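Participant: Please find one structure pasted underneath; my questions will follow.
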Amino acid sequence: MSAKPNDLALRERAVKVIPNGMFGHEATHLLPASFPQFFSKAKGAYIWDVDGNRYLDMMCAYGPNLLGYGDERVDAAATRQLALGDTMTGPGAVLVELSETLVSMVSHADWAMVCKNGTDATTMAMTVARAQTGKRRILVADGAYHGAAPWCTPMPGGIVPEERAFISKYAWNDISSLEAAVAEAGDDLAAIFASPFKHDAFQDQTLPDPAYARLARELCDATGAKLIVDDVRAGFRLVRDCSWELVGVRPDLSSWGKSFANGHPISALLGSDSCRVGAEAIYATGSFWFSAVPMAAAIETLRILRESDYLEHMVALGTKLREGLEPVAARHGFSLRQTGPVQMPQILFDEDPDFRIGFAWAEAMLERGVYVHPWHNMFLNAAMTEADIDLLLEAADGALAHVRKSVAALQPHPLLMLMLGAH
């Protein structure tokens, strides 16, 4: 693929007026240098960079693109609301309709609070749990990502220990570790956070052991703590409900974002009546939280989720991808680790501890018009087709042939090695 002069020019301009040029957004500084950082448009399953190159996008904006970029039904609902009003002195009627819709779709939910980002929703969940219980200690799985606030960000810059004084770690999916963390918290345990599945970066993905999920629920019931499922990344991608319905466990609180308005900026905290007093006690607001346009987009997106086979379609495509990629990799002498739900695949290489093969593969795929990620879980969307998966598999065949020829000369990414060493 040709050089990307427009992207490079924007990077040079950005670094002068934006710290790091991209705020460290999505750790893009760790991606191969050939990866574009600026994009001009997106439609369906595809994105175009500012130099006009088109890619099948396996990141889906890191999750928000669920139905396809620019879905006409969702955008029409947003446009109708925009003609009426967006950010006003108070919310529109769509706030009540959206809240009713979310409560009707999520089994554990009796109420909803809207916000803008996943970090807003997880931080509100923590705050509500503390307000409801009058306790302080929060348990989170080691390595899990719950947002960019000081209490949970994975990066150390600007964080002081006092901001995490009441955050404790346990090993996700590990019954004995969770029991020990709860015992250590004693009578000061406010909440246990859990991801729908283990979707940490740089690692194989792991589905929840039902025994672990049930224990988390039982420990919260026994101690009076609140169980929180952080469904920001996986919400409505695994099931048309809270993701832990798949293991038969209902939380007290769940955090949502990314996909339920198909890319329009909104997130939410959903809760049961067991946390209503706490929710009514906290102060949480934002200048644009009651923006009506994203709410209208969310209402239409949720209608489509209820009435279409979007989920089954993505599972079928994800299965086709997983089953098709394995023999392609083997043909070129590579062994893959494909983990996680098929509609949210993590694709890593065996015998690649420093990700040099993964980086080379991602770059070679980019050259062939497919945007994959070397260490983060990826996403399918409902606009993808079997032809798109065929395109990806064909690209993978050529990309892996190219990587095989150059594998002996591959070098690890120095910044990535520095970061991994710090962990």
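Participant: Report every pair of residues separated by at least 6 positions or lying on different chains whose Cβ atoms are under 9 Å apart, first residue within the range 395-409 and at pLDDT 95 or above, second basic (K, R) and assigned to a helix (DSSP H, G or I).
Facilitator: D397/R331; L400/R331; A401/R331
Participant: Kindly indicate whether S335 is among the polar types (S, T, N, Q), touching a residue at least 60 places away in the same chain (Cβ under 8 Å) and surrounded by fewer than 21 Cβ atoms within 10 Å (Cβ to Cβ). Quick ask: steps written out before the conclusion?
Facilitator: Working: among the polar types (S, T, N, Q): yes; touching a residue at least 60 places away in the same chain (Cβ under 8 Å): no; surrounded by fewer than 21 Cβ atoms within 10 Å (Cβ to Cβ): yes.
In short, no.
Participant: Let me ask you something else. So, in the range 139-169, exactly how many residues are of a type in the set (A, V, I, L, M) and either in contact with a Phe, Trp or Tyr (Cβ under 7 Å, 6 or more places away or on another chain) or in contact (Cβ under 8 Å) with a residue 40 or more places away in the chain (or both)?
Facilitator: Going through the range 139-169, the residues of a type in the set (A, V, I, L, M) turn out to be 139-141, 144, 148-149, 155, 159-160, 165, 167.
Still in the running and either in contact with a Phe, Trp or Tyr (Cβ under 7 Å, 6 or more places away or on another chain) or in contact (Cβ under 8 Å) with a residue 40 or more places away in the chain (or both): 139-141, 144, 155, 167.
Going through the range 139-169 one residue at a time, the tally reaches 6.
Participant: Residue pairs, Cβ under 8 Å, 6 or more apart or interchain, first in the range 376-387 and assigned by TED's automatic domain parsing to the domain that holds L31, second assigned to a loop (DSSP other than H, G, I, E, B) and polar (S, T, N, Q). List them.
Facilitator: N377/Q205; F379/N65; F379/Q343; L380/Q343; N381/N65; A382/S308
Participant: Strands (runs of 3 or more DSSP E) wholly in the range 191-283 with at least 2 residues that are among the polar types (S, T, N, Q) - which ones? Give the derivation first.
Facilitator: Values: elements: 226-230, 253-256, 267-271.
Counting at least 2 such residues, we get 253-256.
Participant: Looking at (1) among the small types (G, A, S); (2) touching a Lys or Arg at 6+ places or on another chain (Cβ under 7 Å); (3) within 30 Å of S335 (Cα to Cα), which is the only condition A201 fails?
Facilitator: Condition not satisfied by A201: (2).
Participant: Here's something else I'd like to know. Kindly check whether there is at least one residue in the range 63-86 that is over 30 Å from Q346 (Cα atoms), free of Cβ contacts under 8 Å to residues at least 12 places away in the same chain and not in a helix (DSSP H, G or I).
Facilitator: Scanning the range 63-86 turns up no residue that is over 30 Å from Q346 (Cα atoms), free of Cβ contacts under 8 Å to residues at least 12 places away in the same chain and not in a helix (DSSP H, G or I).
Participant: Next question. Considering each of A165, A109, A144, A180 in turn, give the residue that is among the small types (G, A, S), surrounded by fewer than 17 Cβ atoms within 10 Å (Cβ to Cβ) and under 26 Å from V247 (Cα atoms). Walk me through it before giving the result.
Facilitator: On the way: A165 fails: under 26 Å from V247 (Cα atoms); A109 fails: surrounded by fewer than 17 Cβ atoms within 10 Å (Cβ to Cβ); A144 fails: surrounded by fewer than 17 Cβ atoms within 10 Å (Cβ to Cβ).
None of the other options fit; the residue is A180.
Participant: Here is a follow-up. Failed condition for V96, given (1) free of Cβ contacts under 8 Å to residues at least 60 places away in the same chain; (2) not assigned by TED's automatic domain parsing to the domain that holds C152, with all others met?
Facilitator: Exception for V96: condition (2).
Participant: Would you mind stating whether T122 is at pLDDT 95 or above, of a type in the set (S, T, Y), more than 22 Å from F236 (Cα to Cα) and assigned to a helix (DSSP H, G or I)?
Facilitator: On the way: at pLDDT 95 or above: yes; of a type in the set (S, T, Y): yes; more than 22 Å from F236 (Cα to Cα): no; assigned to a helix (DSSP H, G or I): yes.
No, not satisfied.
Participant: Hey, can you tell me all the residues within the range 238-265 that are buried (at least 24 other Cβ atoms within 10 Å of the Cβ) and not small (G, A, S)?
Facilitator: Listed by number, the residues that qualify are C242, W244, P251, D252, L253, W256, K258, F260, N262.
Participant: State which residue pairs qualify: first residue touching a residue at least 60 places away in the same chain (Cβ under 8 Å) and over 14 Å from G147 (Cα atoms) and inside the range 106-119, second residue aromatic (F, W, Y) and part of a strand (DSSP E or B) in any location, beta carbons under 9 Å apart, and separation of 6 or more residues or different chains.
Facilitator: Filtered contacts from the range 106-119: V106/W256; A112/W256.
Participant: May I ask you to say which residue of E312, E300 is buried (at least 18 other Cβ atoms within 10 Å of the Cβ), at pLDDT 95 or above and among the acidic types (D, E)? So that I can check it myself, show each step before the final result.
Facilitator: Working: E312 fails: buried (at least 18 other Cβ atoms within 10 Å of the Cβ).
Every option except E300 fails the conditions.
Participant: Can you tell me which condition T101 does not meet? The list is (1) over 22 Å from T301 (Cα atoms); (2) of a type outside the set (A, V, I, L, M, F, W, C); (3) crowded, with 19+ Cβ neighbours inside 10 Å, and all the others hold.
Facilitator: (1)
Participant: Quick test of your reading of the structure: L325 fulfils all but one of (1) hydrophobic (A, V, I, L, M, F, W, C); (2) under 27 Å from E97 (Cα atoms); (3) surrounded by fewer than 24 Cβ atoms within 10 Å (Cβ to Cβ). Name the failing condition by number.
Facilitator: All conditions pass for L325, except number (2).
Participant: Quick check: anything in the range 246-264 closer than 30 Å to L400 by Cα, in contact (Cβ under 8 Å) with a residue 12 or more places away in the chain and among the polar types (S, T, N, Q)? Working first, answer last.
Facilitator: Taking the range 246-264 as the starting set, the residues that turn out to be closer than 30 Å to L400 by Cα are none.
Looking for residues that are closer than 30 Å to L400 by Cα, in contact (Cβ under 8 Å) with a residue 12 or more places away in the chain and among the polar types (S, T, N, Q), one finds none in the range 246-264, hence no.
The values are calculated or read from the model by the stated rules, or taken from the named source; none is laboratory data. Computed from a predicted structure; not experimentally measured. Quick reminder, even Gly has a Cβ in these numbers, built from the backbone with ideal geometry, and neighbours come from all protein chains shown.
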